[in-house]
Each structure stands twice: as C-alpha cells, then as structure tokens.
Amino acid sequence: MRIALHTKVRADRIAEYEAAHREVPAELTRAIRAAGATSWTIWRSGTDLFHVIECDDYARLLAELEQLPVNVAWQAGMDELLDVSHDYSSHGAEAGLPVAWEL
C-alpha cells in the first residue's frame, strides 16, 4: 500500500531537521524495513513536509515501530524540530492524506 502524510518542521529548525535525516540511524532504517516499509520519501516545501510511504500495512508499520526504543528516541528528537509530528496514536493509521487525483 502507499500512504501520504503531511508534517511540518519548525521554521527555525529546518537545517537541524535536514541534518538529522542525512544520518538516520541504520538500526532505525532496518526496523522500518522489518516492519514492512519498502520505501519512505520525504519532500520539503518551506516548512511543509510531505511523506510517501510504500509498505505492506501502514497500521502494522505504526504498531511495530511505536514502542521500539530506537524509534521512540528518534521521534523524541523529531518532536523538538516539528510543529506537526508523525502520528503514532491508534488513529494515526487513518491519518494519511486523501488521494485527490492519480494517473
């Protein structure tokens, strides 16, 4: 399945956000793949971040990552940089952007 998400980075933290994503821990990327993601791309326009995730099952991906220590640590760091964070709550699995058009 493919899911698109929208988050927002704080205007004064863009450089830190981009630096963090140049060095995502290998343990985290392995965990994301093990949870069923085959790709995850993030685009930035100003402070808006648009994610597209290809995965087996987004709800399962969230469930497997939510309490994983490496992800908990990563999300805590991201929370300091973001105005709108990735939603790992029970309703986060339905938080994807609706498709407006597709070719």
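The values are calculated or read from the model by the stated rules, or taken from the named source; none is laboratory data. The structure displayed is predicted, hence computed values, not measured ones. Cβ coordinates were reconstructed from backbone atoms using ideal geometry, including for glycine residues, and neighbour counts include every protein chain displayed. Surface accessibility is based on the protein's heavy atoms, side chains included, excluding ligands, DNA and RNA. Shrake-Rupley method; radii C 1.70, N 1.55, O 1.52, S 1.80 Å.
Tabulated data for the structure shown
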{"item": "Residue match in segment 19-31 (condition: in a loop (DSSP other than H, G, I, E, B) and open to solvent by 80 Å² or more (accessible area, probe 1.4 Å))", "result": "yes"}
{"item": "Breaking point among (1) part of a helix (DSSP H, G or I); (2) at pLDDT 95 or above, for Leu62", "result": "(2)"}
{"item": "Condition check for Ala73: modelled with pLDDT of 95 or more, in a helix (DSSP H, G or I) and either of a type in the set (D, E, K, R) or surrounded by 11 or more Cβ atoms within 10 Å (Cβ to Cβ) (or both)", "result": "yes"}
{"item": "Residue match in segment 47-55 (condition: closer than 20 Å to Arg10 by Cβ and more than 11 Å from the chain's Cα centre (by Cα))", "result": "yes"}
{"item": "Complete set of residues in segment 32-45 that are touching a residue at least 12 places away in the same chain (Cβ under 8 Å) and either in a loop (DSSP other than H, G, I, E, B) or surrounded by 13 or more Cβ atoms within 10 Å (Cβ to Cβ) (or both)", "result": "Ile32, Ala35, Gly36, Ala37, Trp40, Ile42, Arg44"}
